[in-house]
1. Only Cα pairs under 8 Å and at least 6 apart count here; give the relative contact order of the chain as a rounded whole percent.
2. Return the subset of K162/K221; K7/K133; K35/K133; K118/K240; K7/K221; K118/K162 for which the Cα-Cα distance in this structure is over 32 Å, preserving the input order.
3. So how strong a dipole does the chain carry about its Cα centre when Lys and Arg Cβ are +1 and Asp and Glu Cβ are -1, to the nearest 20 debye?
4. Ratio of the chain's C-alpha Rg to 2.2 N^0.38 Å, to two decimals?
5. Given a Förster radius of 41 Å and the C-beta distance between E222 and I193 as r, what FRET efficiency does 1/(1 + (r/R0)^6) yield to the nearest 0.05?
6. Could you work out which residue, out of I231, I129, I117, moves most in a Gaussian network model of the chain, that is, has the largest mean-square fluctuation with Cα springs under 10 Å?
7. If you take the charge dipole of the chain about its Cα centre, with +1 on Lys and Arg Cβ and -1 on Asp and Glu Cβ, which of P108, M173, N89 is farthest toward its positive end?
8. Give the dimensionless ratio obtained when the Cα radius of gyration of region 115-232 is divided by 2.2 N^0.38 Å.
Amino acid sequence: MIPEFGKDKFQCPHCNTLATQEWFNSYNASSAVTKIFNHIFLDYRQGVESYVQNYISIFLKNTNRNFQQVFTKYIPTGFALATCSSCQNFTLWVDEKIVYPKKTTVLPPNDDLDEDIKALYIEASSILIDSPKGSTALLRLALQKLLKQIGGNGKNINNDIKDLVADNLSPQMQKALDLLRVVGNNAVHPGQIDLDDNIEIARKLFDILNYIAYELITKPKELESLYSDLIPLETQEHIKQRDKHK
Ligand SMILES: [Zn+2]
């Protein structure tokens, strides 16, 4: 659960725990302060004559009403803080977007990717919040290198995808590849998809890259090693002969 504005619970970027979040903004600041204020006067009221109680009560009611107005003056509407119940650290939000801490909680890159691709992925995640566009451009480059890792030419993403489709690629995988390619192109050349405002699109592309890596690298690799571990060599030979004569 990545941090999301207004959510009661999310994975804290400081301690990585899925923890309850206490929100503070101009809307709920007044009720928080009213509670504190009332509490202070509760103590005070115990020591005053009963005929004053009524005045204090009216005073408290009026202040309560005025707080909301006063607070919007000092706390801008776009400002919010969420405090983590687990580590007590806070995230800072402006206009419903997280601005502190800068690091994000995208999942780590697939371990079967080449080292330079993993490095690109991590670099892309480190600039995601400041520049979804730059982040997406780096992921596009990572895809280009991934296609080379699985035997493509690595020069032209479109051609590499075309070759894979000709080689019986699943329509689902084709969509995943083209999603990264087309959105990535929009990050590099001016296009129709505006990435400046859309950190969520950029964030999803990280999952898509990992999904592609899992399907095209990890799964075949695991299958291959299971096959060579479990199927006796003699049987492997029979299978080869069978399919030759088909
Ligand atoms: Zn925390």
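The values are calculated or read from the model by the stated rules, or taken from the named source; none is laboratory data. Because the structure is predicted, anything quoted here is derived from the model rather than measured. Every residue, glycine as well, gets a Cβ built from its backbone with ideal geometry; the counts of neighbours run over all protein chains shown. Ligands, DNA and RNA are stripped out before the accessible areas are found, and what is left, the full protein with its side chains, is counted by its heavy atoms. Shrake-Rupley method; radii C 1.70, N 1.55, O 1.52, S 1.80 Å.
1. 15
2. Those over the limit are K35/K133; K118/K240; K7/K221.
3. For the chain, the charge dipole is close to 620 debye.
4. So the chain has a normalised radius of gyration of 1.58.
5. About 0.75, to the nearest 0.05.
6. Evaluated over the chain, the most mobile residue of the options is I231.
7. In the chain, that residue is N89.
8. Taking N as the residue count of region 115-232, the ratio is 1.13.
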